[in-house]
């Protein structure tokens, strides 16, 4: 995995390097080293972040667009069921 591919995966899942570090339970310096190419990302971490990115990209294709821009109505105007 290249540094650009890793950065692309992080964008796909909308994560910062800190978020990835937190999810993996490692120090942010580790993720930053993967991103700047000074260390290689372990194979299992590659598979994991690639899978997350793939799922997020696919899910984005199915994101509902009919709720875009909608606002919650005040409670007194909601329909009771």
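Rule-based calculations on the coordinates, nothing more; no lab input. Note that this is a predicted model, so its numbers are computed, not measured. Because the Cβ atoms are built from the backbone with ideal geometry, glycine has one as well, and the counts that use them run over all protein chains shown.
Applying 0.36 nm per residue to the separation of residue 48 and residue 3 and subtracting their alpha-carbon distance, the gain on full extension is 14.7 nm. For the range 3-61, the normalised intensity computed at q = 0.15, 0.16, 0.21, 0.30 Å⁻¹ comes to -0.38, -0.43, -0.75, -1.42 (log10 of I(q)/I(0), Debye sum over alpha carbons, equal scatterers, no solvent). Dividing the summed helix terms, -39500 (n - 2.57) for each DSSP H run of n ≥ 4, by the number of residues in the chain produces a 222 nm estimate of -18000 deg cm²/dmol to the nearest 500.
Provide the gained length on full extension for the span residue 73 to residue 29, in nm with one decimal, where the gain is 0.36 nm per separating residue minus the Cα-Cα distance. Walk me through the intermediate numbers first.
Values: separation 44, 0.36 × 44 = 15.84 nm, distance 4.46 nm.
Taking 0.36 nm per residue and subtracting the Cα distance, the gain is 11.4 nm.
For the chain, averaging the sequence separation of C-alpha pairs within contact (under 8 Å, six or more residues apart) and dividing by the residue count gives a relative contact order of 31 percent. Listed from fewest to most Cβ neighbours within 10 Å, the set 34, 15 follows the order 15, 34.
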